[in-house]
Amino acid sequence: MAYSTKVIEHYENPRNVGTLDKEDENVGTGLVGAPACGDVMRLQLKINPETEVVEDAKFKTFGCGSAIASSSLVTEWVKGKTITEAMKLSNTQIVEELNLPPVKIHCSVLAEDAIKSAIEDFKRKKAARADAAK
Amino acid sequence: MTVKLPIYMDNHATTPMDPRVLEAMLPYFTEKFGNAASRNHSCGWAAEEAVEYAREQSAKFIGAKSEKEIVWTSGATESNNLALKGVAEFYADKGNHIITAKTEHKAILDTCKRLEKDGVQVTYLDVGTDGSVDPDDVKKAITDKTILVSVMLANNEVGTINRIAEIGKITREKGVLLHTDAVQGVGKIDFDVEAMNVDLASITAHKMYGPKGVGALFVRRSKPRVRIVAQIDGGGHERGMRSGTLNTPSIVGFGKAADIMMKEGREESARIFKLRERLRAKLYGALDELVWNGAEDPWHLPGNLNLSFSFVEGEAMMMAIKDVAVSSGSACTSASLEPSYVLRAMGVDEELAHTSIRFGLGRFNTEEEVDYVAALVIDHVSRLRNMSPLYEMHKEGIDLKSIEWAAH
């Protein structure tokens with residue numbers, strides 16, 4: 001199976017690989033997928049609590065080239081967006097941008113899930129803090 | 001150090017043809033183009049002579065007593081089909097039970113599935129964690145309805161060699177026929193149909209530096225005389241067992257490839273084994289968390305190295321080392337999204353199956369290539385592990401099994 005040039009480009013030069021402090025109250029962490037299925041994505045977003053703008057994004061991914069490329073792409077996309085905007089990113093946009101074949105669509109679904117899961121984690125932390133303050 | 005790219009290390013999939021084989025074949029395309037079945041002119045006789053010479057070479061190669069025990073086919077898939085379906089049909093009055101193993105090639109497993117639809121009972125034996133079939137399990141599975149046992153000589157994915165001689169003792173004693181798919185092992189390890197009591201054996205030329213599209217089925221003619229029902233009808237070639245005009249150039253190539261293997265195989269295996277051990281030592285020297293898949297030596301094919309590079313997905317790995325041709329047990333290399341059924345049958349975790357890479361070393365690989373590949377793999381595994389959340393969690397001491405993963 002041939003990869004699209006965009007997948008290869010992201011795979012060979014992945015953006016924003018790394019780890020943010022998951023204990024930081026403004027960092028939301030999304031860990032999706034399963035080792036048994038062959039892909040696990042961890043997406044971390046540092047979000048400004050006042051403006052709710054994503055200020056930084058880092059990922060680590062266990063998975064095939066398309067999974068790595070999908071995660072790399074979304075880190076670029078979410079930066080600078082508000083979490084409301086980021087929640088609207090859909091897997092079909094990833095499929096189009098990377099030209100993913102049908103067997104690789106699950107990689108894009110996983111990347112979308114990772115964004116949602118990271119934002120939910122952030123919201124959960126924020127709500128927990130609000131509760132504690134009461 | 002310069003090596004020519006791409007580097008081919010997928011010799012279980014197929015092998016490049018030896019130039020000596022090609023040389024032997026060439027005259028049979030143009031000058032000596034006759035039909036081996038043309039009995040009344042010299043063009044036919046020349047072809048027939050070549051085919052019969054190849055038959056002798058091939059019979060000798062596997063220790064068969066008579067060249068008449070070799071039936072030419074289009075490859076091992078056809079040989080496997082012919083052996084299983086041919087025996088099941090001929091011996092239907094005697095019984096309807098076949099025993100095979102879960103790690104067999106699809107050409108065996110899918111043929112068995114077809115036979116099941118026709119009312120044949122098939123036992124698919126489990127294998128040990130090393131991928132081998134326990135001869136005792138074969139013994140226990142034999143019933144008075146059993147007509148055939150089919151166990152591969154060596155596994156194409158993990159290189160495990162089965163104890164065919166021991167299984168042969170059992171089947172002979174019980175009066176059950178033994179077929180072996182010998183494709184991966186023949187020429188590389190000891191294989192002798194007489195010494196091992198094998199009654200039917202499938203071989204193909206392209207796994208031993210011969211051409212693609214030609215195979216053979218050994219069918220024992222005495223003690224016991226094995227009978228099969230032809231699965232392709234036509235002119236009654238190959239003593240009625242396989243009709244179709246013989247593919248003379250390829251058959252000549254088969255014979256030549258077998259002859260070279262017979263003369264050089266032992267020495268070659270020792271050399272290839274050294275290359276494999278060199279690759280293994282280099283990888284183990286630089287990387288942690290590697291898992292060896294398959295049996296320990298000497299029950300492992302000399303040219304096979306199947307390793308799980310924990311925390312690095314196999315397809316990503318293959319993409320990283322794209323100038324090196326290898327295979328992976330990862331799901332992502334197939335449309336099914338299921339990881340290797342062979343590794344699964346051995347009890348390897350799905351997670352580890354996804355990280356397996358198969359290196360298949362062969363006749364034309366060199367030390368320089370091994371060194372190049374080792375350095376490349378070490379480099380990329382390190383890079384991909386730095387990108388792997390699982391490796392990071394593992395390093396933090398998190399037990400990955402303790403996490404509730406959301407399956408998808």
Discussion item. Using Cα-Cα distances under 8 Å and only pairs 6 or more residues apart, what relative contact order does the range B:305-376 have, in percent?
Written reply: 40
Worksheet item: Using a Gaussian network for chain B with springs between C-alpha atoms less than 10 Å apart, which of these wobbles most: B:Thr30, B:Thr143, B:Thr180?
Response: B:Thr30
Practice prompt. Divide by every residue of chain B the summed helix terms, -39500 (n - 2.57) for each DSSP H run of at least 4, and state the resulting mean residue ellipticity at 222 nm, rounded to the nearest 500 deg cm²/dmol.
Written response: -12000 deg cm²/dmol
Worksheet item: So which residue, out of B:Asn11, B:Asn386, B:Asn156, gets the largest mean-square fluctuation from a GNM of chain B using Cα contacts under 10 Å as springs?
Response: B:Asn386
Discussion item. Taking the Cα of B:Cys43, stepping 7 Å toward and past its beta carbon, and measuring to each backbone N in the range B:233-251: which are under 18 Å?
Written reply: B:245-250
Item to complete: For chain B, compute Rh as the Kirkwood radius over C-alpha pairs and then the Stokes-Einstein diffusion coefficient at 37 °C and 0.692 mPa s; write the answer in µm²/s, rounded to an integer.
Response: 147
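Of all alpha-carbon pairs in the range A:14-93, indicate the percentage at a distance above 17 angstrom. Kindly include the intermediate steps, with their values, before the conclusion.
Numbers: 1386 of 3160 pairs.
Tail of P(r) above 17 Å: 44 percent of Cα pairs.
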Response to the item:
With N residues in the range B:1-148, Rg(alpha-carbon) / (2.2 N^0.38 Å) equals 1.41
Discussion item. Let me check I've understood the local charge: for B:Leu177, count other residues with C-beta under 9 angstrom from its C-beta, Lys and Arg +1, Asp and Glu -1. What total comes out?
Written reply: 0
Worksheet item: Rounded to whole Å and sorted largest first, what semi-axes of the equivalent ellipsoid does the C-alpha gyration tensor of the range A:88-128 yield via the square root of 5 times each eigenvalue?
Response: 27, 9, 5
Worksheet item: Mind checking the angle between helix A:65-78 and chain A's longest principal axis? C-alpha axes, 0 to 90 degrees, to the nearest 10.
Response: 40
Fill in: Calculated FRET value between B:Ile398 and B:Asp371, using beta carbons and R₀ = 41 Å, to 0.05
0.70
Fill in: Phi to ³J(HN,Hα) by Karplus 6.51 cos²θ - 1.76 cosθ + 1.60 over the range B:51-62, Hz, x for Gly, Pro
5, 6, 5, 4, 5, 5, 4, 6, 5, 4, 4, 9
Practice prompt. Report, in cubic angstrom per residue, the convex hull volume of the C-alpha atoms of the range B:109-194.
Written response: 100
Discussion item. If I model the protein assembly as shown as equal point scatterers sitting on the Cα atoms and use the Debye formula, what is log10 I(q)/I(0) at q = 0.06, 0.11, 0.12 Å⁻¹?
Written reply: -0.37, -0.98, -1.09
Item to complete: Go from 0 up to the bin containing the longest alpha carbon distance in the range B:7-77, width 5 Å each, and give me the % of pairs per bin.
Response: 3, 13, 17, 21, 21, 14, 6, 3, 1, 0
Fill in: chain B: angle of helix B:164-174 to the longest principal axis, Cα-based, in degrees nearest 10
50
Worksheet entry | 0 to 90° range, to nearest 10: angle between helix A:105-133 axis and chain A longest Cα axis | 10
Item to complete: Could you work out the relative contact order of the range A:5-125, using alpha carbon pairs under 8 angstrom and six or more residues apart, expressed as a whole percent?
Response: 31
Item to complete: Springs between alpha-carbon atoms under 10 Å, Gaussian network over chain B: tell me which of B:Val226, B:Val252, B:Val87 tops the mean-square fluctuations.
Response: B:Val226
Discussion item. Cut-off 15 Å, label point 7 angstrom out along Cα-to-Cβ of B:Arg114: give me the residues of the range B:219-234 whose amide nitrogen falls inside.
Written reply: B:229-233
Worksheet item: With each pseudo-label sitting 7 Å past Cα toward Cβ, what's the A:Glu23-B:Ala270 distance in nm, one decimal?
Response: 6.1
Practice prompt. Quick one: which residues, 5+ away or cross-chain, put their amide H under 5 Å from the amide H of B:Ala101? H built at 1.01 Å from N.
Written response: B:Leu125
Fill in: Estimated translational D of chain A in µm²/s (Stokes, Kirkwood radius over Cα pairs; 25 °C; 0.890 mPa s)
166
Fill in: Estimated vicinal HN-Hα couplings, Hz - the range B:272-285 in sequence order (Karplus 6.51, -1.76, 1.60; Gly, Pro = x)
5, 4, 4, 4, 4, 5, 5, 5, 4, 4, 5, 5, 5, x
Discussion item. Can you compute the FRET efficiency between B:Leu5 and B:Ala406 using 1/(1 + (r/R0)^6), with r the Cβ-Cβ distance and R0 = 51 Å? Round to the nearest 0.05.
Written reply: 0.80
Fill in: Packing-based exposure ordering (other Cβ within 10 Å, fewest first) of B:Ile170, B:Ile378
B:Ile378, B:Ile170
Response to the item:
Charge tally for neighbours of B:Arg220 with beta carbon under 12 Å away, counting Lys, Arg as +1 and Asp, Glu as -1, is +4
Worksheet, complete the sentence: Within the under-13-Å Cβ sphere about A:Ser90, not counting A:Ser90, Lys/Arg +1 and Asp/Glu -1 give a net charge of -3
Discussion item. Just to be sure I follow the rule: in the range B:148-276, considering lysines 8 or more places apart or on different chains, how many pairs have Cα atoms under 18 Å apart?
Written reply: 9
Fill in: Distance between modelled label sites at B:Ala165 and B:Glu338, nm, 7 Å Cα→Cβ extension
3.6
Practice prompt. Sticking with the crude label model, points 7 Å out along Cα→Cβ, report the distance from B:Ala13 to B:Arg221 in nm, one decimal please.
Written response: 3.9
Discussion item. With θ taken as phi - 60° and the coefficients 6.51, -1.76 and 1.60, list the Karplus ³J(HN,Hα) couplings across the range A:18-35 in order, rounded to whole Hz; mark glycine and proline as x.
Written reply: x, 10, 9, 5, 6, 7, 4, 5, 9, 9, x, 10, x, 10, 10, x, 8, x
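Every read-out reported here was derived from the displayed coordinates using simple, explicitly stated rules and does not represent laboratory data. These numbers come from a predicted model, not from an experiment. As a convention, Cβ positions derive from the backbone with ideal geometry for all residues, glycine included, and neighbour counts pool all protein chains shown.
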